[in-house]
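A.B. asks: This structure is in structure tokens; I'll ask about it shortly.
Taken together, the values in this text are just the output of simple stated rules run on the coordinates, not laboratory data. Worth saying up front: this structure is predicted, and the values here are computed from it rather than measured. Don't worry about glycine lacking a Cβ; one is built from the backbone with ideal geometry, like all the others, and counts go over all protein chains shown.
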Amino acid sequence: MKPDNLTEFTDDQLFQKMKNIKNNKIINAVIVGATVGIFFFGVMKNGLGLFTFFPLVIGYLVIKNSAGDKIIEQEIRKEMQSRDLV
């Protein structure tokens, strides 16, 4: 995922974008934790089966999708440091 042209953003927009990324990290962590918990509950309750691995697939997709946020976060941090906001 390619970040937007961050030099055109105002300071408030940079802070808002950084806040959204932090919120997305928390939401992703909750989703991954819930899917792992559902997996272990399913294994303890019903044993291993085809449907017990679906929550892990969902967790994997969430982790894979969040990789682009790390790149954008690094670029925002660089831009904030260049403006002496951090």
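A.B. asks: Taking Rh as the Kirkwood radius computed over C-alpha pairs, what is the Stokes-Einstein D of the stretch 1-40 at 25 °C in a medium of viscosity 0.890 mPa s, expressed in µm² per second?
C.D. replies: Details: Rh = 12.1 Å.
D = 203 µm²/s.
A.B. asks: Springs between alpha-carbon pairs under 10 angstrom, Gaussian network model over the chain: which of 24, 46, 65 fluctuates most?
C.D. replies: 46
A.B. asks: Where nothing but the Cβ of Lys and Arg (+1) and of Asp and Glu (-1) is charged, how large is the charge dipole of the chain around its Cα centre, in debye to the nearest 20? Intermediate results must be reported in sequence, preceding the final value.
C.D. replies: On the way: 11 positive and 9 negative charges, 86 e Å.
My answer is approximately 420 debye.
A.B. asks: Stretched out fully, how many nm does the piece from residue 74 to residue 9 gain, at 0.36 nm a residue minus the Cα gap?
C.D. replies: Working: separation 65, 0.36 × 65 = 23.40 nm, distance 1.54 nm.
Going from the current span to full extension adds 21.9 nm.
A.B. asks: Kindly write out, for the stretch 14-19 in residue order, the coupling ³J(HN,Hα) from the Karplus curve 6.51 cos²θ - 1.76 cosθ + 1.60 (θ = phi - 60°), rounded to whole Hz, with x marking Gly and Pro.
C.D. replies: Running phi through 6.51 cos²θ - 1.76 cosθ + 1.60 with θ = phi - 60° gives 5, 5, 5, 5, 5, 5 Hz.
A.B. asks: Continuing with this model, one more query. Which aspartates and glutamates have a Cα less than 16 Å from the Cα of residue 22, not counting those fewer than 8 places away in the same chain?
C.D. replies: 12, 69, 73, 75
A.B. asks: Now a separate question. Please state the Cα pair-distance histogram of the chain with 10 angstrom bins from zero: what percent is in each bin?
C.D. replies: Answer for the chain: a P(r) of 17, 35, 22, 15, 9, 2 percent.
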